[in-house]
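Read through the structure below, which is laid out as C-alpha coordinates, and then see the notes.
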Amino acid sequence: MGRGGILCPRCRKFISADEPECPYCGLRKPGVGKILRSNLYLFFGADPIKVLISVNVVLYVLSLLINPSSQGVNFNPFTMLSPSTRSFLVMGATGTWPIDGYGSWWTLVSASYLHGGLLHIFFNMFALMQLAPFVLSIYGLYRFVIIYVFSGVAGFLLSYFAHINLTIGASANICGLIGAILYYGKSRGGFFGDMIYRQAMAWTMGLVLFGLLFPGINNWAHGGGLLAGVLAGYLVGIEERRMERSVHRFLAFFMVIMTILILTWVVVRACHVLFFVP
(Lines give C-alpha, C1' and ligand atoms only; values in the text may rest on other atoms or scores of the structure.)
Protein backbone atom coordinates (compact mmCIF):
# COMPACT_ATOMS: atom_id res chain seq x y z
CA MET A 1 0.00 0.00 0.00
CA GLY A 2 2.54 2.57 -1.03
CA ARG A 3 1.71 6.26 -1.21
CA GLY A 4 0.44 7.14 -4.69
CA GLY A 5 -0.54 3.59 -5.61
CA ILE A 6 -3.50 2.96 -7.89
CA LEU A 7 -5.29 0.08 -9.56
CA CYS A 8 -5.18 -0.08 -13.36
CA PRO A 9 -8.82 0.08 -14.58
CA ARG A 10 -8.12 -2.49 -17.31
CA CYS A 11 -5.96 -5.25 -15.78
CA ARG A 12 -6.57 -4.31 -12.09
CA LYS A 13 -2.91 -4.59 -11.13
CA PHE A 14 -1.48 -2.28 -8.47
CA ILE A 15 0.85 0.31 -10.02
CA SER A 16 2.26 3.77 -9.29
CA ALA A 17 -0.08 6.69 -10.00
CA ASP A 18 2.86 8.47 -11.66
CA GLU A 19 3.15 5.86 -14.43
CA PRO A 20 2.35 7.36 -17.87
CA GLU A 21 0.96 3.95 -18.83
CA CYS A 22 0.28 0.62 -17.14
CA PRO A 23 3.47 -1.50 -17.32
CA TYR A 24 1.36 -4.67 -17.40
CA CYS A 25 -1.30 -4.00 -20.04
CA GLY A 26 -0.10 -0.76 -21.65
CA LEU A 27 -3.18 1.37 -20.86
CA ARG A 28 -2.16 5.02 -21.26
CA LYS A 29 -3.35 8.18 -19.55
CA PRO A 30 -5.89 9.47 -18.72
CA GLY A 31 -7.12 5.99 -17.76
CA VAL A 32 -4.38 5.29 -15.21
CA GLY A 33 -3.07 8.43 -13.57
CA LYS A 34 -6.15 10.59 -13.98
CA ILE A 35 -8.25 8.50 -11.60
CA LEU A 36 -6.21 9.68 -8.64
CA ARG A 37 -4.76 12.96 -9.84
CA SER A 38 -7.94 14.44 -11.32
CA ASN A 39 -9.64 14.18 -7.92
CA LEU A 40 -6.63 14.91 -5.73
CA TYR A 41 -7.65 18.47 -4.92
CA LEU A 42 -11.08 19.53 -3.75
CA PHE A 43 -10.57 23.06 -2.46
CA PHE A 44 -7.88 25.65 -3.19
CA GLY A 45 -5.53 23.11 -4.73
CA ALA A 46 -4.78 21.63 -1.31
CA ASP A 47 -3.79 18.04 -0.61
CA PRO A 48 -6.77 16.65 1.39
CA ILE A 49 -4.55 14.64 3.75
CA LYS A 50 -2.39 17.66 4.58
CA VAL A 51 -5.55 19.74 5.07
CA LEU A 52 -6.97 17.21 7.55
CA ILE A 53 -3.73 17.02 9.51
CA SER A 54 -3.35 20.81 9.56
CA VAL A 55 -6.90 21.35 10.81
CA ASN A 56 -6.42 18.78 13.58
CA VAL A 57 -3.13 20.35 14.70
CA VAL A 58 -4.50 23.91 14.67
CA LEU A 59 -7.57 22.98 16.72
CA TYR A 60 -5.43 20.98 19.14
CA VAL A 61 -3.16 23.97 19.75
CA LEU A 62 -6.19 26.25 20.10
CA SER A 63 -7.72 23.93 22.71
CA LEU A 64 -4.47 24.10 24.70
CA LEU A 65 -4.47 27.88 24.56
CA ILE A 66 -8.00 28.04 25.97
CA ASN A 67 -7.30 26.00 29.07
CA PRO A 68 -4.67 23.26 29.49
CA SER A 69 -5.41 20.52 31.97
CA SER A 70 -3.60 20.66 35.30
CA GLN A 71 -2.42 17.11 34.55
CA GLY A 72 -1.21 18.19 31.13
CA VAL A 73 1.78 20.10 32.51
CA ASN A 74 3.53 17.01 33.87
CA PHE A 75 5.73 14.55 31.97
CA ASN A 76 3.33 11.62 31.92
CA PRO A 77 3.25 10.67 28.20
CA PHE A 78 -0.47 9.86 28.37
CA THR A 79 -1.51 13.22 29.84
CA MET A 80 1.25 15.51 28.58
CA LEU A 81 -0.09 18.65 26.85
CA SER A 82 -3.69 17.70 27.47
CA PRO A 83 -6.49 20.29 27.19
CA SER A 84 -8.96 20.56 30.06
CA THR A 85 -12.58 19.46 30.07
CA ARG A 86 -13.56 23.13 29.75
CA SER A 87 -11.53 23.36 26.54
CA PHE A 88 -13.20 20.26 25.15
CA LEU A 89 -16.68 21.64 25.81
CA VAL A 90 -15.83 24.99 24.22
CA MET A 91 -14.18 23.38 21.19
CA GLY A 92 -17.01 20.96 20.43
CA ALA A 93 -16.45 17.64 22.15
CA THR A 94 -19.47 15.37 21.79
CA GLY A 95 -21.35 12.94 24.03
CA THR A 96 -24.36 13.02 26.31
CA TRP A 97 -23.18 16.15 28.17
CA PRO A 98 -23.09 18.56 25.20
CA ILE A 99 -25.94 16.93 23.25
CA ASP A 100 -28.45 16.34 26.07
CA GLY A 101 -27.38 19.38 28.07
CA TYR A 102 -27.15 21.94 25.26
CA GLY A 103 -28.66 20.29 22.18
CA SER A 104 -25.28 20.51 20.41
CA TRP A 105 -25.73 17.85 17.75
CA TRP A 106 -23.15 19.63 15.61
CA THR A 107 -20.50 18.26 17.96
CA LEU A 108 -20.88 14.89 16.20
CA VAL A 109 -18.78 16.52 13.45
CA SER A 110 -16.46 18.82 15.42
CA ALA A 111 -15.33 16.14 17.90
CA SER A 112 -13.44 14.34 15.12
CA TYR A 113 -10.95 17.22 14.95
CA LEU A 114 -10.14 17.43 18.67
CA HIS A 115 -7.56 15.45 20.64
CA GLY A 116 -6.82 14.83 24.27
CA GLY A 117 -3.04 14.95 24.30
CA LEU A 118 0.20 14.90 22.35
CA LEU A 119 0.30 11.11 21.94
CA HIS A 120 -3.38 11.03 21.02
CA ILE A 121 -3.02 13.39 18.08
CA PHE A 122 0.35 11.92 17.04
CA PHE A 123 -0.92 8.35 16.70
CA ASN A 124 -4.15 9.39 14.99
CA MET A 125 -2.38 11.58 12.44
CA PHE A 126 0.23 8.87 11.83
CA ALA A 127 -2.55 6.35 11.14
CA LEU A 128 -4.27 8.86 8.85
CA MET A 129 -1.08 9.31 6.82
CA GLN A 130 -0.76 5.53 6.46
CA LEU A 131 -4.36 4.73 5.51
CA ALA A 132 -5.73 7.77 3.67
CA PRO A 133 -3.56 7.54 0.50
CA PHE A 134 -4.70 3.99 -0.18
CA VAL A 135 -8.38 4.78 0.43
CA LEU A 136 -8.03 7.80 -1.85
CA SER A 137 -6.58 5.62 -4.59
CA ILE A 138 -9.29 2.95 -4.52
CA TYR A 139 -12.34 5.14 -3.89
CA GLY A 140 -11.40 8.59 -5.23
CA LEU A 141 -11.48 11.88 -3.38
CA TYR A 142 -15.22 12.49 -3.17
CA ARG A 143 -16.00 9.03 -1.86
CA PHE A 144 -13.06 9.33 0.54
CA VAL A 145 -14.68 12.47 1.99
CA ILE A 146 -18.01 10.68 2.34
CA ILE A 147 -16.42 7.68 4.08
CA TYR A 148 -14.33 9.85 6.42
CA VAL A 149 -17.05 12.23 7.58
CA PHE A 150 -19.83 9.63 7.72
CA SER A 151 -17.71 7.22 9.79
CA GLY A 152 -16.88 9.89 12.37
CA VAL A 153 -20.49 10.97 12.79
CA ALA A 154 -21.76 7.37 12.93
CA GLY A 155 -19.13 6.33 15.47
CA PHE A 156 -19.88 9.23 17.80
CA LEU A 157 -23.63 8.76 17.36
CA LEU A 158 -23.31 5.14 18.48
CA SER A 159 -21.23 6.18 21.49
CA TYR A 160 -23.88 8.79 22.35
CA PHE A 161 -26.56 6.07 22.42
CA ALA A 162 -24.17 4.04 24.57
CA HIS A 163 -24.25 6.97 27.06
CA ILE A 164 -20.62 8.10 26.70
CA ASN A 165 -20.50 11.45 28.49
CA LEU A 166 -17.71 13.21 26.63
CA THR A 167 -15.55 12.02 23.75
CA ILE A 168 -13.22 13.36 21.06
CA GLY A 169 -10.69 12.23 18.45
CA ALA A 170 -10.29 11.16 14.83
CA SER A 171 -10.24 7.47 15.74
CA ALA A 172 -13.80 6.80 14.56
CA ASN A 173 -12.99 8.33 11.17
CA ILE A 174 -9.77 6.33 10.91
CA CYS A 175 -11.64 3.15 11.83
CA GLY A 176 -14.02 4.05 9.00
CA LEU A 177 -11.08 4.04 6.59
CA ILE A 178 -10.12 0.58 7.85
CA GLY A 179 -13.73 -0.56 7.36
CA ALA A 180 -13.70 0.73 3.77
CA ILE A 181 -10.46 -1.17 3.14
CA LEU A 182 -12.02 -4.30 4.66
CA TYR A 183 -14.94 -4.04 2.25
CA TYR A 184 -12.62 -3.45 -0.69
CA GLY A 185 -10.43 -6.45 0.08
CA LYS A 186 -13.38 -8.77 0.62
CA SER A 187 -15.30 -7.64 -2.47
CA ARG A 188 -12.31 -7.64 -4.80
CA GLY A 189 -11.11 -11.11 -3.87
CA GLY A 190 -8.16 -12.81 -5.51
CA PHE A 191 -4.62 -12.76 -4.14
CA PHE A 192 -4.40 -8.98 -3.91
CA GLY A 193 -7.86 -8.57 -2.36
CA ASP A 194 -7.21 -11.33 0.18
CA MET A 195 -3.89 -9.73 1.13
CA ILE A 196 -5.56 -6.35 1.69
CA TYR A 197 -8.39 -7.96 3.67
CA ARG A 198 -5.99 -9.84 5.96
CA GLN A 199 -4.00 -6.67 6.61
CA ALA A 200 -7.17 -4.71 7.44
CA MET A 201 -8.33 -7.52 9.76
CA ALA A 202 -4.98 -7.36 11.57
CA TRP A 203 -5.52 -3.63 12.13
CA THR A 204 -9.03 -4.37 13.40
CA MET A 205 -7.78 -6.97 15.88
CA GLY A 206 -5.12 -4.51 17.04
CA LEU A 207 -7.81 -1.89 17.69
CA VAL A 208 -9.85 -4.40 19.70
CA LEU A 209 -6.86 -5.38 21.85
CA PHE A 210 -5.85 -1.75 22.33
CA GLY A 211 -9.38 -0.88 23.45
CA LEU A 212 -9.44 -3.74 25.93
CA LEU A 213 -6.01 -3.10 27.43
CA PHE A 214 -6.10 0.67 27.88
CA PRO A 215 -8.74 2.55 29.91
CA GLY A 216 -10.55 5.57 28.54
CA ILE A 217 -10.78 4.26 24.95
CA ASN A 218 -14.14 4.90 23.27
CA ASN A 219 -14.66 1.42 21.83
CA TRP A 220 -18.22 2.31 20.83
CA ALA A 221 -16.94 5.04 18.51
CA HIS A 222 -14.27 2.71 17.13
CA GLY A 223 -16.79 -0.03 16.41
CA GLY A 224 -19.36 2.37 14.99
CA GLY A 225 -16.77 3.99 12.74
CA LEU A 226 -15.54 0.61 11.50
CA LEU A 227 -19.04 -0.61 10.64
CA ALA A 228 -19.89 2.73 9.03
CA GLY A 229 -16.77 2.46 6.87
CA VAL A 230 -17.80 -0.99 5.65
CA LEU A 231 -21.31 0.26 4.92
CA ALA A 232 -20.08 3.42 3.18
CA GLY A 233 -17.65 1.39 1.07
CA TYR A 234 -20.50 -0.85 -0.03
CA LEU A 235 -22.87 2.05 -0.79
CA VAL A 236 -20.47 4.30 -2.72
CA GLY A 237 -18.63 1.54 -4.58
CA ILE A 238 -14.96 1.34 -5.48
CA GLU A 239 -13.09 3.21 -8.20
CA GLU A 240 -12.15 0.25 -10.36
CA ARG A 241 -15.77 -0.88 -10.76
CA ARG A 242 -17.53 2.42 -11.27
CA MET A 243 -16.33 5.99 -11.55
CA GLU A 244 -17.41 8.70 -9.16
CA ARG A 245 -20.82 10.17 -9.96
CA SER A 246 -22.57 13.48 -9.48
CA VAL A 247 -24.22 12.23 -6.29
CA HIS A 248 -20.80 11.51 -4.80
CA ARG A 249 -19.60 15.01 -5.65
CA PHE A 250 -22.76 16.57 -4.21
CA LEU A 251 -22.52 14.61 -0.94
CA ALA A 252 -18.80 15.32 -0.60
CA PHE A 253 -19.23 19.07 -1.16
CA PHE A 254 -22.16 19.12 1.27
CA MET A 255 -20.07 17.39 3.94
CA VAL A 256 -17.08 19.66 3.37
CA ILE A 257 -19.19 22.84 3.54
CA MET A 258 -20.97 21.54 6.66
CA THR A 259 -17.63 20.75 8.30
CA ILE A 260 -16.18 24.16 7.40
CA LEU A 261 -19.19 25.96 8.87
CA ILE A 262 -19.08 23.92 12.08
CA LEU A 263 -15.33 24.32 12.57
CA THR A 264 -15.60 28.06 11.85
CA TRP A 265 -18.18 28.24 14.64
CA VAL A 266 -15.75 26.32 16.87
CA VAL A 267 -12.97 28.83 16.18
CA VAL A 268 -15.33 31.76 16.85
CA ARG A 269 -16.33 30.25 20.20
CA ALA A 270 -12.68 29.62 21.07
CA CYS A 271 -11.63 33.17 20.19
CA HIS A 272 -14.51 34.57 22.26
CA VAL A 273 -13.33 32.59 25.29
CA LEU A 274 -9.67 33.50 24.69
CA PHE A 275 -10.14 37.25 24.28
CA PHE A 276 -13.40 38.17 26.04
CA VAL A 277 -13.99 35.69 28.88
CA PRO A 278 -11.87 36.30 32.00
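The values are calculated or read from the model by the stated rules, or taken from the named source; none is laboratory data. In this text the structure is predicted, and so the values were computed from the model without any measurement. Here the Cβ is made from the backbone with ideal geometry for all residues, glycine too, and neighbour counts use every protein chain on show. Ligands, DNA and RNA are excluded from the accessible area calculation, which covers all protein heavy atoms including side chains. Shrake-Rupley method; radii C 1.70, N 1.55, O 1.52, S 1.80 Å.
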Going residue by residue through region 86-96, the Karplus relation 6.51 cos²θ - 1.76 cosθ + 1.60 with θ = phi - 60° gives ³J(HN,Hα) values, rounded to whole Hz and with x marking Gly or Pro, of 4, 4, 4, 5, 5, 7, x, 5, 10, x, 5
For the full complex of protein chains and a 1.4 angstrom probe, list T85, T204 by accessible area with the highest value first. T85, T204
Sparse-neighbourhood loop hits (chymotrypsin sites (Phe, Trp or Tyr not before Pro), region 91-130; DSSP loop; Cβ within 10 Å at most 16 others) -> W105
Tell me, what ³J(HN,Hα) does each residue in region 189-194 have, in order and in whole Hz, if you take phi through Karplus 6.51 cos²θ - 1.76 cosθ + 1.60 with θ = phi - 60° and put x for Gly and Pro? x, x, 4, 5, x, 5
So who's got an amide H within less than 5 Å of the one on A93, skipping anything under 5 residues away but keeping other chains? H placed 1.01 Å off N, in plane. none
From the backbone phi of region 265-274, what are the Karplus-calculated ³J(HN,Hα) couplings (6.51 cos²θ - 1.76 cosθ + 1.60, θ = phi - 60°) in whole Hz, Gly and Pro given as x? 4, 4, 5, 4, 4, 5, 5, 4, 5, 5
Determine the order of S112, S54 by accessible area, beginning with the largest, at a probe radius of 1.4 Å. S54, S112
